[in-house]
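**Q** Handing you a structure now.
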Amino acid sequence: MRLDVVTIFPEYLEPLNVSLVGKARARGVLDVRVHDLRSWTHDRHHTVDDTPYGGGPGMVMKPEPWGEALDEILGGADGAAESGEQPVIVVPTPSGKPFTQELAVELAARPWLVFTPARYEGIDRRVIEEYAGRVEVREVSIGDYVLAGGEAPVLVMVEAIARLLPGVLGNAESHRDDSFAPGAMADLLEGPVYTKPPEWRGRGIPEVLLSGHHGKIARWRRDEAFARTAANRPDLLERCDPAALDKYDRAT
Ligand code: 6GU
């Protein structure tokens, strides 16, 4: 998978060299290219922002550098590029649609993502309109709070997407029971986990986990997941399919 990121803070994307994403890059699963938006400016001060039309606080990112950057990265007006693959432009913005596990799965199936994290009050709207007419453009928010820029959201989204790519996680089953993964535990958060030693500061391990009884362990894990979901995310239970619950869940 190819990932391009256009930003005025390339150093903010350094964490993409670390851990799971860094290893995926080193192994050639991910081709990550971070670009400095200012390299597509032509004035002495490398200006990327200006005051908003209509007044108001803050600054807006100018369309010209974004246009030149995206034209060059997409490699032509139709967006069919060197690879022949169709890119998706992902625009991080607090006004976007929610970034969910479902969207992560969808984007992980695409060969090429181009992220456009903005600073200030965002990018001149005409840039989004221009590219939406050429390629798929998704405006995406990572949650109901406001960040100073889209770079941290790009790190969040790339990590969520990269771990879904074949060969990135050590154990192919590791994301099967994830919170928010589709399947038997869909709509339930993950319950608690334990490892050695069997006693730590006077605290033991739930006895069922030492029983070797796989059926009882699965039952316990589901009950814990259900209880944690009811406590932390009652909204998930309210909107889940009743058929996804079992009789023990209902009794809780
Ligand atoms: Cl994608 N960008 C910014 N600046 N703030 C956010 C966000 C994105 N998602 C939630 N808050």
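None of the figures in this text is laboratory data; all of them are computed from the coordinates on show. Bear in mind the structure is a predicted one, so any value in this text is a computation, not a measurement. All Cβ positions, glycine included, derive from the backbone under ideal geometry; neighbour counts span all protein chains shown.
**Q** Take the stretch 86-133 and flag every residue that is among the aliphatic types (A, V, I, L, M), in a loop (DSSP other than H, G, I, E, B) and more than 14 Å from the ligand (Cβ to nearest atom).
**A** Step one: list which residues in the stretch 86-133 are among the aliphatic types (A, V, I, L, M), which gives 88-91, 103-105, 107-109, 113-114, 118, 123, 127-128, 132.
Now narrow it down to the ones that are in a loop (DSSP other than H, G, I, E, B): 109, 118.
Ala109 - this is the single residue of the stretch 86-133 that is among the aliphatic types (A, V, I, L, M), in a loop (DSSP other than H, G, I, E, B) and more than 14 Å from the ligand (Cβ to nearest atom).
**Q** Within the stretch 200-252, can you find the residues that are loosely packed, with under 12 Cβ neighbours inside 10 Å, of a type in the set (Ser, Thr, Tyr) and assigned to a helix (DSSP H, G or I)?
**A** If the condition is that a residue be loosely packed, with under 12 Cβ neighbours inside 10 Å, of a type in the set (Ser, Thr, Tyr) and assigned to a helix (DSSP H, G or I), then Tyr248 is the only one that fits.
**Q** Against the definition (within 13 Å of the ligand (Cβ to nearest atom), of a type in the set (A, V, I, L, M, F, W, C) and part of a helix (DSSP H, G or I)), how does Leu147 come out, yes or no? Reasoning before the result, please.
**A** Numbers: within 13 Å of the ligand (Cβ to nearest atom): yes; of a type in the set (A, V, I, L, M, F, W, C): yes; part of a helix (DSSP H, G or I): no.
So Leu147 fails the test.
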